[in-house]
Amino acid sequence: MKFAEFDQYSEDLLMAQYGVSEIITHELMKGEVREDFLISTLESCSDPKPKLVKGTVSDGQHDAGQLDIILCRPHAHLRRLGSQCFVEKNDALCVIEVKGNCTGRDLRKAEKKAVMIQNLQGQRVPQYGVVCYKVDLELKTIMGRFGYSYDVANSTYFDNSTIPNEAEADWRKIDYPNLDFFVSLEDGKKVFLRKYEMSPGKFRFIRAVKSPLIKELFSMMRSLWIPANQAPVP
């Protein structure tokens, strides 16, 4: 119970900061302030703190353009230019795009960015996803685009790929197959969707239902950071 209280406090504080930052009229500055606060919140999920930076991921020849938050390997060689970092693709564990009010256009752009990062040269591919405070889509639309159908009778969402003997041709299409996760913190549209491999080469999204939702985000960050932190330095 006490742990849940801490997580709920973190989530409420994050959403309160989002609301307070609305007074900032300069959109770029407002975005920077929100990203910085999210970074400080995510840093609380582990000790030592996860190595979180802003900048871009590169293979030395090409880069993915401006990225909001990059989770780096503990011993990553970071090339800093002011507050921005050039991160080698192999040193990036996860990339988070932060959206104030996520739209369908934002998700399509994120899908393209995920493909761009995958196509950079390197042995490892960082996870890539979106965290938004609000979302300019109905929950039913969001779930549908990540492969879920709605059961009107039971008022629940389901993925028909989990139905025994359901033909793969009848599985609902996923609109953003290259995203690894999508998080909405908005009341009434709280959702955490994370990609998983159901069988070799076949991926779907599982919906986390624990509350507070930020607990799932903390858990994901730890699952990436702690194993990397324990790995031997090459």
Q | Failed condition for I206, given (1) within 23 Å of L93 (Cβ to Cβ); (2) of a type in the set (A, V, I, L, M, F, W, C); (3) open to solvent by 20 Å² or more (accessible area, probe 1.4 Å); (4) not in a strand (DSSP E or B) | A | (4)
Q. Any idea how many residues of the stretch 35-94 are more than 23 Å from Y9 (Cα to Cα) and either open to solvent by 40 Å² or more (accessible area, probe 1.4 Å) or among the aromatic types (F, W, Y) (or both)?
A. 18
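Does the stretch 59-69 include one or more residues that are within 14 Å of W225 (Cβ to Cβ) and in contact (Cβ under 8 Å) with a residue 60 or more places away in the chain? Steps first, please.
Here is the first cut: in the stretch 59-69, the ones within 14 Å of W225 (Cβ to Cβ) are 69.
Next cut, in contact (Cβ under 8 Å) with a residue 60 or more places away in the chain only: none.
No: the stretch 59-69 contains no residue that is within 14 Å of W225 (Cβ to Cβ) and in contact (Cβ under 8 Å) with a residue 60 or more places away in the chain.
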Q. Which of the residues belonging to the stretch 186-223 are among the aliphatic types (A, V, I, L, M), without any contact (Cβ under 8 Å) to a residue 60 or more places away in the chain and in contact with a strand residue (DSSP E or B) (Cβ under 6 Å, 6 or more places away or on another chain)?
A. V191, L193, M198, I206, A208
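Among the residues of the stretch 95-108 satisfying the criterion of being under 14 Å from the mean Cα position of the chain (by Cα) and either over 16 Å from L42 (Cβ atoms) or charged (D, E, K, R) (or both), which is most open to solvent (accessible area, probe 1.4 Å)? Steps first, answer last, please.
Keep residues of the stretch 95-108 that are under 14 Å from the mean Cα position of the chain (by Cα), which gives 95-100, 102, 106-107.
Then keep just the ones that are either over 16 Å from L42 (Cβ atoms) or charged (D, E, K, R) (or both); that gives 97, 99-100, 102, 106-107.
Working: E97: 16, K99: 55, G100: 24, C102: 1, D106: 31, L107: 2 Å².
Residue satisfying both the conditions and the ranking: K99.
The values are calculated or read from the model by the stated rules, or taken from the named source; none is laboratory data. What you are looking at is a predicted structure, and each value in this text was computed from that prediction instead of being measured. Here the Cβ is made from the backbone with ideal geometry for all residues, glycine too, and neighbour counts use every protein chain on show. Ligands, DNA and RNA are stripped out before the accessible areas are found, and what is left, the full protein with its side chains, is counted by its heavy atoms. Shrake-Rupley method; radii C 1.70, N 1.55, O 1.52, S 1.80 Å.
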